[in-house]
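Remarks on the structure that follows.
The values are calculated or read from the model by the stated rules, or taken from the named source; none is laboratory data. In this text the structure is predicted, and so the values were computed from the model without any measurement. Don't worry about glycine lacking a Cβ; one is built from the backbone with ideal geometry, like all the others, and counts go over all protein chains shown.
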Amino acid sequence: MTASFLNELTNAPVVSVLLTVATFQLGLMAYKASNNNVIFHPVLIGASVTALIITLVPLEFDDYFANNAVVMFFLGPLIVALAVPLRAEIRALKGIALPALLVVVLGSFIAPAAALGVAWLMGAEQAVLEALLPKSVTSPIALGLAHSIGSMVVLTTAISVITGVIGAILAPPIFKLVGLTDDRLQGLCLGINAHGLGTVRAFEVSVRCGALAGLGMGLTGAFSAFLIPYVHLWAF
């Protein structure tokens, strides 16, 4: 009776959503306590704690993922809302509009191509290669592309999130290494390569950096949504 009750409780949708919110808040507390050290990024900490809890309780990951559909739904409107700071910082595009568009197009092509090439050389299976195609777009778009091309939704989403975390962690030291100080260009790079999590990181630099990151993320997502289905048809 107790085991049955525990199983029903852990599989309740509200419990999965509360788990997501609670572990993210835990990660956010750790992030602030570490003075915004990217190693303690709230998504990284939250995801790690969530994964640990799921392995300890009678809750399947597929059920947890399905129960958080409401959270995934609101990610889409949240991305659209990034148009607000972009509108306020639209003048920041002066003089870099065409180069920015070129960077988006090249980045949308090079990032998945490089990942696919390395994975193919290492002998990755087709399921992994398909999941890598939308790696450089934000999770809601990656989720839609996964359904469109028939790749593994969970794996595609996980790769998208991991890409964002790694990009948010590595981008600041790389900017420092190459001497990139223009927050507009930093924002574009973060948005293109680390999408949603990179955009959050960009807003920590400045509102202008965040606005340009949102632009880079949105354009990359739109271009990739058009390109990836055709690449999939050609490659697979």
- request: For THR55, work out the one condition from (1) touching a residue at least 12 places away in the same chain (Cβ under 8 Å); (2) surrounded by fewer than 17 Cβ atoms within 10 Å (Cβ to Cβ) it doesn't fulfil.
  value: (1)
task: Looking at (1) outside any helix (DSSP H, G or I); (2) modelled with pLDDT of 85 or more; (3) outside the structural domain of GLY164 (by TED's automatic domain parsing), find the lone condition where VAL49 falls short.
output: (1)
- request: Any residue in the range 180-205 that's more than 13 Å from GLU89 (Cβ to Cβ): show its pairings with residues that are of a type in the set (Lys, Arg) and part of a helix (DSSP H, G or I) at Cβ separation under 8 Å, as long as the two are six or more apart or on different chains.
  value: LEU190/ARG201; ALA194/ARG201
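Filter the range 34-46 down to residues that are surrounded by fewer than 17 Cβ atoms within 10 Å (Cβ to Cβ) and assigned to a loop (DSSP other than H, G, I, E, B), then give me how many there are. Walk me through it before giving the result.
Going residue by residue through the range 34-46, those that are surrounded by fewer than 17 Cβ atoms within 10 Å (Cβ to Cβ) are 34-37, 39.
Add one more test, that the residue is assigned to a loop (DSSP other than H, G, I, E, B), and what stays is 34-37.
Of the residues in the range 34-46, 4 are surrounded by fewer than 17 Cβ atoms within 10 Å (Cβ to Cβ) and assigned to a loop (DSSP other than H, G, I, E, B).
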field: Residue count, the range 146-160 (criterion: buried (at least 21 other Cβ atoms within 10 Å of the Cβ), out of contact with any Lys or Arg (no Cβ under 6 Å at 6 or more places or on another chain) and among the aliphatic types (A, V, I, L, M))
entry: 1
statement: Flagged pairs (Cβ under 9 angstrom, 6 or more apart or on separate chains; first in the range 145-169, under 13 Å from GLU130 (Cβ atoms) and modelled with pLDDT under 85; second among the acidic types (Asp, Glu) and surrounded by fewer than 17 Cβ atoms within 10 Å (Cβ to Cβ)) are VAL154/ASP62
